[in-house]
Amino acid sequence: AEGKEKTVTFSVTVNPRYPNLVSNPGYLETTMVRGSQTLVEFEVTNAGAVPAIDLKVLLPAADWLSLVTPDTIGSLGPGEKVKVGLSLRPNDNLQLGPYTGSMALSANNGSASVAFRFTAISDKIGGLKIIGQDEFTYFADNHPPVADAAVKIKNPYDGTTIADGRT
């Protein structure tokens, strides 16, 4: 009535709301002693706006890894939390060292994963004798040991120092 008209065309995208599954802790890392059981627990929270429907925990194929809690959680509403318990039972023959992977939290309308690093260790005790030797001490008549050499024993998997000293 008072001037020109203009038609403007624009797009509207409507995204459906999803659950947001969050693990606490977000990364699982521990040791597991061969021949015994280690229990690990983490918490799953739905930080999203809608319930996670038919939520399940899916583990990778490892004979030493199993769930203590049920694998089917069911529905997890917004703000709700649930604890998931794992049992680590490495047999006496499992190779020592780290085992890495992830497990899935799978719902009909969303998913998440929880990464882990479980290191198989032994509770066996042994001894370690370190002798400092160089070309001179090796060929010398009385084979004197190298004096005051620095020695560090490190974890081969993560590089942390386990012990240090001097000869």
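The values are calculated or read from the model by the stated rules, or taken from the named source; none is laboratory data. Keep in mind the model is a prediction, meaning the values are calculated, not measured. Cβ placement follows ideal geometry from the backbone for every residue including glycine, while neighbour counts extend to all protein chains displayed. These area figures cover heavy atoms from the full protein model, side chains too; ligands, DNA and RNA do not enter into them. Shrake-Rupley method; radii C 1.70, N 1.55, O 1.52, S 1.80 Å.
Structure notes:
- Surface exposure of the range 97-154, expressed per residue as accessible area with a 1.4 Å probe, stands at 69 Å².
- The mean sequence distance of close C-alpha pairs (under 8 Å, at least 6 residues apart), as a share of the length of the chain, puts its relative contact order at 22 percent.
- Among the listed values (i) 41, 17, 14; (ii) 56, 26, 11; (iii) 27, 22, 14, the one matching semi-axes √(5λ) of the Cα gyration tensor in Å as calculated from this structure is (ii).
- For the chain, the longest piece that avoids every one of the chymotrypsin sites (Phe, Trp or Tyr not before Pro) found in DSSP loops with at most 12 other C-beta atoms within 10 Å covers 11-156.
- Counting charges near Thr45 (Lys, Arg +1; Asp, Glu -1) among other residues having Cβ under 13 Å from its Cβ returns a value of 0.
- Neighbourhood charge, 15 Å Cβ-Cβ cut-off, centred on Lys124 and excluding it, Lys, Arg +1 and Asp, Glu -1: -1
- Placing a pseudo-label 7 Å from each Cα along the Cα-to-Cβ vector at Ala47 and Arg17 gives an inter-label distance of 1.7 nm.
- Computed with every protein chain present, the accessible area of Arg34 is close to 60 Å² [probe 1.4 Å].
- Among Ala47, Gly79, Asn15 the positive-end extreme of the charge dipole of the chain (Cβ point charges): Asn15
- Carbon + sulfur, % of accessible area of the chain - ligands and nucleic acids excluded, 1.4 Å: 50
- Calculated mean residue ellipticity at 222 nm for the chain: -500 deg cm²/dmol, from DSSP H runs with n ≥ 4 weighted as -39500 (n - 2.57), summed, divided by the residue count and rounded to 500.
- Annotation: per residue accessible area for the range 35-75 equals 52 Å², rounded to a whole number [probe 1.4 Å, protein chains only].
- Relative contact order %, the range 82-167, counting alpha carbon pairs below 8 Å whose residues are six or more apart: 19
- Lysine pairs in the chain with Cα atoms under 26 Å, if 8 or more residues apart or on separate chains: 6
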